[in-house]
Amino acid sequence: MDSVLISTPDNPVLENCTEGYFETHDGWKLRYAVFRSDASVAKGTVVILQGRNEYIEKYFETIRDLTARGLWVATFDLRGQGGSPRLIKKRQHGHVRRFSDYERDLDTFLEKVVLPDTRLPFYLLGHSTGGLIALSAAPYLGTRIERMVLSAPFLGLIGQVASTATIRRLAATACSLGLGSLPLARKMPELPFRDNPLTSDEVRFERNITMMKEHPELMLGPPTARWLRECFTTIDKVLTPNHLFSINIPTVVIAPTRDGVVPYIAQERLSRYFRAGQLVPVNGARHEIFQERDVYRAAALAAFNAFIPGSDAEAVEKVEGIGV
């Protein structure tokens, strides 16, 4: 059977993995992979929830870090992106019909893949859109997920040509007119390294750009109006005190202070009512902290390692407010 994962010289597929597709509640087959540690006794399994326009291969480096610590990793490409099927004919447009579909896909993944095929206890690492999915689903994940780490969760937008209020209004109007499958922009801007809001690490930036050019089938263009409306509606929900009070999973939010996609202030505001959450700022880091320079990436991994698996909360306090 041919591999469903893509291996490149600078980003090879990890050994000791299982890969394939699982079927969602509405019949889509999403690409997934499970990576096993060589440790004789596993410390548990980390479920990685990706950000928008990401894919399994982008996390190989981080997965190596986690499996080296004795953790297993299970992850899948979100519906409509990466190696999973596109939801509309214009496959370059990032689309979702309902945000709750992401949550149901996570639930199905846990039931069909994680529970039967990996090792307890289960932890969750969510980046950007994956972080928003985790926050939205968290109230009913408490019986399965022991701890969560959220990296730059998608709680708002900055760095756009239009204001957030304008984007919200345009997305809502397009959806009300039956045009939800259309994007609000013609294409994604192709920013050079020096202007990109994602990472200050040129090697990792170029590695991701090379993957985009050599395997464009994994990539997306701009999101549709429906995707934006669904995300904004979910952001409004997860930021309410009632929702945050209902989350009892111990959580660390790793917040890059120079995030050029999600405003740092939104991540800071989250912590005000998030009784189960603790904010760990990483000064100077940009949005994709696990794709960042080693000095920032090491800070994020230190916060993760202090918290998972099952370390004392005091260990996290030692890395809170890391200045690098």
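Among the residues of region 124-140, how many are surrounded by fewer than 19 Cβ atoms within 10 Å (Cβ to Cβ) and assigned to a loop (DSSP other than H, G, I, E, B)?
Total meeting the criteria: 0.
I'd like to verify a number: residues in region 280-313 that are within 19 Å of the chain's Cα centre (by Cα) and either surrounded by 20 or more Cβ atoms within 10 Å (Cβ to Cβ) or in a helix (DSSP H, G or I) (or both), how many?
23
Output the residues belonging to region 76-100 that are buried (at least 17 other Cβ atoms within 10 Å of the Cβ), of a type outside the set (A, V, I, L, M, F, W, C) and under 15 Å from residue 131 (Cα atoms).
77
When the residues of region 76-116 are filtered to those that are β-branched (Val, Ile, Thr) and assigned to a loop (DSSP other than H, G, I, E, B), which remaining residue is nearest to residue 56 (Cα to Cα)?
96
Quick check on this structure: which one of 195, 201 is acidic (Asp, Glu), out of contact with any Pro (no Cβ under 7 Å at 6 or more places or on another chain) and surrounded by 13 or more Cβ atoms within 10 Å (Cβ to Cβ)?
Testing whether each residue is acidic (Asp, Glu), out of contact with any Pro (no Cβ under 7 Å at 6 or more places or on another chain) and surrounded by 13 or more Cβ atoms within 10 Å (Cβ to Cβ) leaves just 201.
Yes or no: region 247-258 includes at least one residue that is at pLDDT 95 or above, closer than 15 Å to residue 131 by Cβ and in a helix (DSSP H, G or I).
no
For residue 152, which of the numbered conditions (1) in contact with an Asp or Glu (Cβ under 9 Å, 6 or more places away or on another chain); (2) among the hydrophobic types (A, V, I, L, M, F, W, C); (3) at negative phi; (4) modelled with pLDDT of 95 or more fails to hold?
It is condition (3) that residue 152 fails.
Here are some conditions: (1) more than 28 Å from residue 67 (Cα to Cα); (2) within 21 Å of the chain's Cα centre (by Cα); (3) surrounded by fewer than 16 Cβ atoms within 10 Å (Cβ to Cβ). Residue 170 meets all but one. Which one does it not meet?
(2)
Filter region 20-75 down to the residues that are small (Gly, Ala, Ser) and assigned to a strand (DSSP E or B), then identify the one that is surrounded by the most Cβ atoms within 10 Å (Cβ to Cβ).
33
Of all residues in region 271-296, how many are modelled with pLDDT of 95 or more and either in contact with a strand residue (DSSP E or B) (Cβ under 9 Å, 6 or more places away or on another chain) or at positive phi (or both)?
Adding up the residues that qualify gives 18.
Kindly provide the set of residues from region 141-171 that are in contact (Cβ under 8 Å) with a residue 60 or more places away in the chain, assigned to a loop (DSSP other than H, G, I, E, B) and either in contact with a Cys (Cβ under 6 Å, 6 or more places away or on another chain) or small (Gly, Ala, Ser) (or both), ordered by number.
Those that are in contact (Cβ under 8 Å) with a residue 60 or more places away in the chain, assigned to a loop (DSSP other than H, G, I, E, B) and either in contact with a Cys (Cβ under 6 Å, 6 or more places away or on another chain) or small (Gly, Ala, Ser) (or both): 142, 152, 156, 159.
Only residues that are closer than 16 Å to residue 75 by Cα, free of Cβ contacts under 8 Å to residues at least 40 places away in the same chain and not charged (D, E, K, R): list them for region 87-140, please.
Within region 87-140, 102, 115, 116 meet the criteria.
The values are calculated or read from the model by the stated rules, or taken from the named source; none is laboratory data. Values in this document were obtained by computation on a predicted structure and should not be read as measured data. For neighbour counting, all protein chains shown are included, and Cβ atoms are generated from backbone atoms with ideal geometry for every residue, glycine included.
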